[in-house]
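A quick write-up on the structure given underneath.
The values are calculated or read from the model by the stated rules, or taken from the named source; none is laboratory data. Everything numeric here is computed off the predicted structure, so don't read it as measured data. Note that each Cβ is placed from the backbone with ideal geometry, even for glycine, and that neighbours are counted across all protein chains shown. Remember, those area values only see protein heavy atoms, side chains included, never the ligands or the DNA or RNA. Shrake-Rupley method; radii C 1.70, N 1.55, O 1.52, S 1.80 Å.
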Number of protein chains: 2
Amino acid sequence: MAETNARGSAPTIRDVAALAGVATSTVSRALSNPDRVNRATRERIEKVAAELNYVPSSQARGLSSGRTNAIALLVPDVTNPFYFDIIRGTQNQLKAAGYTQLLVDTEESAEMEADTLQKMQRTADGFILAASRLTDAQILEAASSQAIVTINRSSANAPTVVIDTPGAVVQALEHLTSLGHTRICYVGGPASSWSNAKRWKTFEDESRDRGLTTSRVGPFTPKTTSGAAAADAAARTGATACIVFNDLLAIGMLQRLRERGIRVPEDMSIVGCDDIFGADFCNPPLTTMASPIEQAGRVAVSMLLAQLDPLHAGSSRRLAVMPTHLTVRGSTGPVSPTS
Amino acid sequence: MAETNARGSAPTIRDVAALAGVATSTVSRALSNPDRVNRATRERIEKVAAELNYVPSSQARGLSSGRTNAIALLVPDVTNPFYFDIIRGTQNQLKAAGYTQLLVDTEESAEMEADTLQKMQRTADGFILAASRLTDAQILEAASSQAIVTINRSSANAPTVVIDTPGAVVQALEHLTSLGHTRICYVGGPASSWSNAKRWKTFEDESRDRGLTTSRVGPFTPKTTSGAAAADAAARTGATACIVFNDLLAIGMLQRLRERGIRVPEDMSIVGCDDIFGADFCNPPLTTMASPIEQAGRVAVSMLLAQLDPLHAGSSRRLAVMPTHLTVRGSTGPVSPTS
DNA sequence: CAACTTTTGGCAACCGCTTGCCGCACCATT
DNA sequence: AATGGTGCGGCAAGCGGTTGCCAAAAGTTG
């Protein structure tokens, strides 16, 4: 396979040009703007390029065109299965559009997020911020100089895809009350999380409307390991059901409750959020507010690419709301007469 | 914040040079080769750069230096939790070294893998191939022109980090025989998987040595959804215990067995492999051959970076074997007297 | 057939940064 | 004072493409 030119390095556009007997500009056009050159010429160039195994350097291309054909995805924690579904969604969609995904873990830190945004401004054509920890002002500033889409972080300052957790909370409440629960506890996630605030607010408002007795524990780190503390705290409130910030935490609670002999759902019903990998096979399977996370990632990419494309810019949607639904599994049940 | 120069675009090295009253070359050196310039000059330049909010373009830098400071991670399926852990490991290590990770899903296709390797040769400084589907010859060819490290795919042609599954299989067999099992079934993964072949071979050899009755079913796609077919096939063999290609498949089997009323571990013991997220909280919790997957990712990065660094090149390790151990949980138990 | 358009390809100037080479200044030797 | 280092900064030639502008060739039209 002819992989190297006379100089021993990868073939460049010049090598192709020389071999095809045309100027480099013609090669460039033949490859990226086919209509601009004569068909016969183009075919000859394509043939030579194929023979030489020529691959245009995206670096060089980016230098003159100013585009990198890469977009960065910033997630607070690659460890969290929730983000894996986003990663998967964006990855798919980006690949389909011929973009490369740059994955960055911002370690739940707003500073690191801002820093990355700054450092990579030249590296990526656009950014997708999943569950951003930035302030509205920071997002505004960032969005003024680069293409940005946020996921689960509504802000008037950048196009957003939000998952309709409020809607899901209503469904969960509906479900729990229909099972006879009246004392319900909200198990909170990170204080800096926008969606946590939203979920809590909806929970509180809706519970009040229904005359339920509510309590709240937290904040907890959204990891299974925090489940023990969360379970203990929730148990102390005397609630018969919990709506938990996310599945990770809920699964952790399940384990702790079992250890303590608190039966789920007989003694305590648990509703998680997200329907992550594992929610269907934990013990008992988790009733959860299912979010189309992967789809959210895909939509975010579409919105971002639309922003990038001068044709659509401005006309594109600024907000996408992803519908949710309650997936009922084994972790919720009727309130037991004894409790 | 001064983010743009007179021309309205992001500041370049020239803007900095002009403002600092030096040549661009001096700026370049001050920033990337500090010892080469006078301290006072450097500090002045640094100050101006900070003021201007200057960020060097990695594209341009790459063009002249020939390096991109990015490495690509190719995984067969981003969906699979096993790869999550690898992604996490490489991500961490790469970030620490100042590299960017390019994540690519090759969709279990050797062709796509080869294609990516080719297309990205200019985009990445090196490649990490997780569970590569390529042939030895293809790996050899790729490794001849670019830095490559493989994970779980031993081949003399590129440095590799392998997870010692054979060792784990021995431990699993030991465990099962000590529980009284004599009829054991191996539930196979993808035919194209190198580690699957390895595991099976070890299983067979070791079982023979111990005089066990073995059977084999498969190949199955390593997904929970294939668990049903796998469980049915395994049940038919009359085995009292299964060693399963990976946890995903094992978890799927667990579900199916429960549906069918086959009790785990009373009627059937199950040993998975990898100890992925979820293995500890499925029902029953899965006994599994735990692999330090994340660490494998980290080691792979170290080996790759060593390869890239002219100082270490050649002297670096070509093979790293990650130790494994059996994690015993609820899915294995003594063979029941009735079976 | 002249005049005019359109198509097609080449020239050359970048894009932003790196780096080999050169030369000036300044200091230490002899 | 002449000589030789050494430190430091500038010049300019790339790296591999893209693209505006121009001119030659080919096609159209009355």
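Out of all the residues in the range A:91-105, which are hydroxyl-bearing (Ser, Thr, Tyr) and facing another protein chain (nearest Cβ under 10 Å)? A:Thr100, the sole residue that qualifies. Do the conditions hold for B:Ala30, that is, is it over 38 Å from the mean Cα position of the chain (by Cα), among the aliphatic types (A, V, I, L, M) and within 13 Å of DNA strand C (Cβ to nearest atom)? Answer is no for this residue.
Among strands (runs of 3 or more DSSP E) entirely within the range B:189-304, having at least 3 residues that are closer than 14 Å to B:Arg329 by Cα singles out B:269-274, B:287-290.
Let's see how each residue does on (1) touching a residue at least 24 places away in the same chain (Cβ under 8 Å); (2) open to solvent by less than 30 Å² (accessible area, probe 1.4 Å); (3) touching a Cys at 6+ places or on another chain (Cβ under 7 Å):
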{"position": "A:Cys242", "(1), (2), (3)": "yes, yes, yes"}
{"position": "A:Ile251", "(1), (2), (3)": "yes, yes, yes"}
{"position": "A:Arg256", "(1), (2), (3)": "yes, no, no"}
{"position": "A:Ile262", "(1), (2), (3)": "yes, no, no"}
{"position": "A:Ile270", "(1), (2), (3)": "yes, yes, yes"}
{"position": "A:Asp274", "(1), (2), (3)": "yes, yes, no"}
{"position": "A:Asp280", "(1), (2), (3)": "yes, no, no"}
{"position": "A:Thr288", "(1), (2), (3)": "yes, yes, yes"}
{"position": "A:Ala296", "(1), (2), (3)": "yes, yes, no"}
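Flag not set for B:Phe203, criterion: open to solvent by less than 40 Å² (accessible area, probe 1.4 Å), within 14 Å of chain A (Cβ to nearest Cβ), at pLDDT 90 or above and more than 16 Å from DNA strand D (Cβ to nearest atom). Against the criterion of being within 9 Å of DNA strand D (Cβ to nearest atom) and of a type in the set (Ser, Thr, Tyr), B:Thr41 qualifies.
Condition check for B:Gly98 on (1) within 23 Å of A:Leu103 (Cβ to Cβ); (2) outside any helix (DSSP H, G or I); (3) within 16 Å of DNA strand D (Cβ to nearest atom): one failure, at (3).
Does at least one position in the range B:67-86 carry a residue that is surrounded by fewer than 19 Cβ atoms within 10 Å (Cβ to Cβ), within 16 Å of DNA strand C (Cβ to nearest atom), farther than 22 Å from A:Thr90 by Cα and among the polar types (S, T, N, Q)? Checking the range B:67-86: at least one residue is surrounded by fewer than 19 Cβ atoms within 10 Å (Cβ to Cβ), within 16 Å of DNA strand C (Cβ to nearest atom), farther than 22 Å from A:Thr90 by Cα and among the polar types (S, T, N, Q).
Which one is farthest from A:Ser58 (Cα to Cα) among residues in the range A:158-174 that are open to solvent by less than 40 Å² (accessible area, probe 1.4 Å) and touching a Leu at 6+ places or on another chain (Cβ under 6 Å)? Step by step, filter the range A:158-174, then rank; the result is A:Ala172.
Of all residues in the range A:128-157, those satisfying the criterion of being in contact (Cβ under 8 Å) with a residue 24 or more places away in the chain and either outside any strand (DSSP E or B) or open to solvent by 40 Å² or more (accessible area, probe 1.4 Å) (or both) are A:Ala131, A:Ser132, A:Arg133, A:Leu134, A:Thr135, A:Gln138, A:Ala142, A:Ser145, A:Gln146, A:Asn152, A:Arg153, A:Ser154.
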